[in-house]
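This report refers to the structure that appears directly beneath it.
The values are calculated or read from the model by the stated rules, or taken from the named source; none is laboratory data. Given the structure is predicted, the values throughout are model-derived calculations rather than measurements. Cβ placement follows ideal geometry from the backbone for every residue including glycine, while neighbour counts extend to all protein chains displayed. The area values use the complete protein model at the heavy-atom level, side chains included, leaving out ligands, DNA and RNA. Shrake-Rupley method; radii C 1.70, N 1.55, O 1.52, S 1.80 Å.
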Amino acid sequence: APLFMLLARLATMLAPSTHYVPHMVNAMNCICSAFCILFLFWSITHLARRMLTREGEFSESGKLAALAAGAVGALAYTFTDTFWFSAVEGEVYAQSSMFTALVVWLMLKWEENADSPTSVRWIVLIAYLMGLSIGVHILNLLTIPALVMIWFFRRYESSATWGYVLRMGGA
C-alpha cells in the first residue's frame, strides 16, 4: 500500500514527538473516515433528490426528505462495527473506503453534468483517483462496473435495458 505509507509518513511528520506517531496515523484514518461519510451523505442526497424531483421542481418537503435520507444512511453506515473499527486503526481500509465513496460521488456528479462539453473532466478525475486508490487498496476497482452501467444508461434509452441485461448475462 504505497500511497497509504506515503500519507501516513506525512501524518507522522506532524507529530510533536515520537510518542504521538501512532496517534497521528489513527487521526489520519479518522479524517479519511469522516470524508467517506461526507461523500456517502452527498451521494445519498443526490440520489434522493433525483428520485423526489418532479418536472424540474424540488419541493421543500422533498428537500427535507432528501436530507433526512442522507443523514440516516450516512449515520447508519458510520456506526456499523466494520466501518467504526476501520476508522480508528492504522490500516488501509479507512482510506480505501474514502476513495471508493469519493469515486461513487464523482460518478454521480459526472452523470449530472454529462451533457456539458466539459464533462470529460469528471471522467479524467475519476480515472486519476482510481489510479491513486490502487496504491491504497484494490477495493476501488469494484466501482468500474457501476461506472460502466451509469455511462450505459446515460447514453442509451431505457428501451435498451433488456439488451444490456442480456449482454451482461452472456458475457
Contact list, first residue from region 109-133 and at pLDDT below 90, second anywhere and in a helix (DSSP H, G or I) and open to solvent by 40 Å² or more (accessible area, probe 1.4 Å), beta-carbon distance below 6 Å, six or more apart or interchain, is A114/R154
Given S59, S97, which one is under 25 Å from L129 (Cβ atoms) and either without any contact (Cβ under 8 Å) to a residue 40 or more places away in the chain or not hydrophobic (A, V, I, L, M, F, W, C) (or both)?
S97
Could you tell me how many of the residues in region 63-88 are over 14 Å from H137 (Cβ atoms) and either among the charged types (D, E, K, R) or touching a residue at least 40 places away in the same chain (Cβ under 8 Å) (or both)?
7
Criterion violated by Y164 - all others in (1) more than 16 Å from the chain's Cα centre (by Cα); (2) open to solvent by less than 70 Å² (accessible area, probe 1.4 Å); (3) modelled with pLDDT of 90 or more satisfied
(3)
Does region 50-70 include one or more residues that are of a type in the set (F, W, Y) and under 21 Å from the mean Cα position of the chain (by Cα)?
no
Given the structure, is A94 modelled with pLDDT of 90 or more, in contact with a helix residue (DSSP H, G or I) (Cβ under 8 Å, 6 or more places away or on another chain) and more than 29 Å from A8 (Cβ to Cβ)?
no
Can you tell me which residues in region 113-126 are surrounded by fewer than 17 Cβ atoms within 10 Å (Cβ to Cβ) and either among the polar types (S, T, N, Q) or over 15 Å from R155 (Cβ atoms) (or both)?
N113, S116, P117, T118, S119, R121, V124, L125
